[in-house]
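This report refers to the structure that appears directly beneath it.
Bear in mind that the values in this text are calculations on the coordinates, not laboratory data. Keep in mind the model is a prediction, meaning the values are calculated, not measured. Here the Cβ is made from the backbone with ideal geometry for all residues, glycine too, and neighbour counts use every protein chain on show.
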Amino acid sequence: MQNLKSFLCGSWQAGSDPQTDLHSATSGAVIAQTSSRGLDLGAALAYGRRVGGPAIRSLTFAQRADLLGKMSAVIVSHRDELLDISELNMGTTRGDGKFDVDGAAGTLAFYAKLGAGLGDRTWLADGDQIQFSRSKRFVGQHVLTPRRGIAIHINAFNFPAWNLCEKLACALLAGLPVLAKPGTATALVSLRLVQLWQAENILPDGVLQLLVGSAGDLLDHVGPQDCIVFTGSGSTGRQIKGHPQVLLYNVPVNVEADSLNASVLGPDVLPNSDVWTMFLSEVVREMTQKAGQKCTAIRRIIVPAERLDEVRAELVARLQDARIGDPGQQGTSVGPVAGPTQQRDVIAGLDALAQHAEIVWQAQGLPTQGCYAPPTLFVTTQGAAARYVHDHEVFGPAATLLPCSGQADEVIEIVARGGGSLAASVYSDDLPWAQAVVLGIAPYTGRVYWGSAKVFDQGCGHGAVMPALVHGGPGKAGGGEELGGERGLRWYWQRTAIQADTQLLRGLVG
């Protein structure tokens, strides 16, 4: 039995009993245990501020970028090992594991390249000098400098590699030390990554710490220069934002939470066309990839009513072709959900959704051992009035068809009823209609994927999060924003207006 330790204050530390079990999602067997009980988390945060902060801030952007490049290279060189761990712990197929592990390496590599371009600086000017009075000599200049605290990263269970690295890439390049807490159920991949980086002695002391297990009293020790980045449920996000210590110091909190993402088929799209095929492929992929456990997965499928029967038949046929089973078996395309807790939540969610929408198709004959949940397609004709469908996310292989008139205004209203999402997709070559829908749903979502005939074989997909573009969404999706190239760094900086003589400011800024 493997006992997972946390890496805090420069050493690997084990928590006291009782322990929390980690399971193999494929068999359900206990494969590891961990605990954070008794660990001094206040000391860990203080160590990061005192030791890690000065170390990372003393490096230039180019030097920080070099660290990120080395971290990415380690992932690439240990890729097969990490994929095996992902399969053991999470039950991922080879393809699903690659989506996570390769995404982690790619995001670090992207920010390494970005940092190299920022060069031999440690902070940035934000815009040009501003004349705000009659005097042309006494002017203002905004500057961006790294906070003097520590970044606390609380990550979700579904992407233990990518979620860890997409947050790390921005924070480290911005010049902040990090304490990362992975989702406990799937912590094996995150733990192994930190072990590998430590073995290569890539990062200065205190720059990266790892907490495995419960967050305990971690937030009791946050201070005014710290920041928190969280991915997970909306209810936990609200608890973090409302923590007394967070409120006392107005600690910045970035949240990525629940998201009832939508995919919209345009009335102009004909069956068997390229765009039609693209739409169907994306819906099925988002329902089955990582067993539907993606924050960007499609949950609501909005189609013109006259196309409902054809879309439904095509989706059922494609879903029936998806092989569900042991992710280690060749040809398996849908593995289990991440663990027993996730399985219980998904099954309960499917049963509840079935009280408000009709089951069109549900997979049968799932393995009796392991943490499997049946891919399920629902339908409701209530459109924007289907309140439960728009309010409750099943975080697994499930989606609901919503037929409508196809009029742009109605489509926008249905999408908006989700209360805010991370991603939406629109499939159409009708420019006036698509323009109205894309811009109409933009206030309700963080990213819109527009599929059309000319990008039929070139798009990255509805669910792919790209480091050059922002990731986050309004409302129920958390109201946060990560990545987006240099934009991702700004969360970790303080913007300060400096008022001074114009020549002195030029000397300061360079």
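Computed over the stretch 38-119, the quotient of the alpha carbon radius of gyration and 2.2 N^0.38 Å is 1.39.
With the simple spin-label model, which puts each label point 7 Å out from Cα in the Cβ direction, the Asn272 to Ser133 separation comes to 7.5 nm.
Take 339-352, 84-97, 159-172 and order them by the average number of nearby Cβ atoms within 10 Å per residue, most first; the result is 159-172, 84-97, 339-352. Measuring r between the beta carbons of Gln503 and Gln225 and using R0 = 25 Å, the FRET efficiency lands at 0.20. What lysines does Lys98 reach when the alpha-carbon gap must be under 20 Å and sequence neighbours fewer than 8 apart in one chain are set aside? Result set, ordered by chain and number: Lys70, Lys167, Lys290, Lys294.
What is the set of long-range amide H partners of Val360 at a cut-off below 5 Å, with H atoms built 1.01 Å from backbone N? Sorted by chain and number, the residues that satisfy this are Leu377, Phe378, Val379. Would you compute, from DSSP H runs of 4+ residues alone, the mean residue ellipticity of the chain at 222 nm, taking -39500 (n - 2.57) per run and dividing by the full residue count, rounded to the nearest 500? So the calculated ellipticity at 222 nm is -11000 deg cm²/dmol.
Per-residue packing, averaged as other Cβ atoms within 10 Å, sorts the ranges 455-463, 471-479, 426-434 into the order 471-479, 426-434, 455-463, beginning with the highest. Normalised Debye scattering of the stretch 261-466 at q = 0.09, 0.17 Å⁻¹ gives log10 I(q)/I(0) of -0.31, -1.14, counting only Cα atoms as equal scatterers and leaving out solvent. Partner aspartates and glutamates whose Cα lies under 12 Å from the Cα of Lys476, excluding those fewer than 8 positions away in the same chain, are identified as Glu256, Asp258, Asp391, Glu393. For the stretch 240-252, backbone phi angles converted through the Karplus equation (6.51, -1.76, 1.60; θ = phi - 60°) give residue-by-residue couplings of 5, 4, x, 5, x, 5, 5, 5, 4, 9, 6, 5, x Hz, Gly and Pro being listed as x. Using the average count of surrounding beta-carbon atoms within 10 Å as a protection proxy, the listed peptides 47-57, 282-292, 487-497 rank, highest first, as 282-292, 47-57, 487-497. By DSSP, the beta bridges lying fully in the chain are antiparallel in about 40 percent of cases. Taking the inverse of the mean 1/r over every pair of distinct Cα atoms in the chain gives a Kirkwood hydrodynamic radius of 23.9 Å.
Per residue, the average separation of C-alpha pairs within less than 8 Å and at least 6 apart gives the stretch 336-386 a relative contact order of 42 percent. Let me know the shape class of the stretch 211-303, please: from the alpha-carbon gyration tensor, a ≥ b ≥ c as square roots of the eigenvalues, rounded when a/c is under 1.5, otherwise prolate if a/b is greater than b/c, or oblate. Note, shape of the stretch 211-303 comes out prolate.
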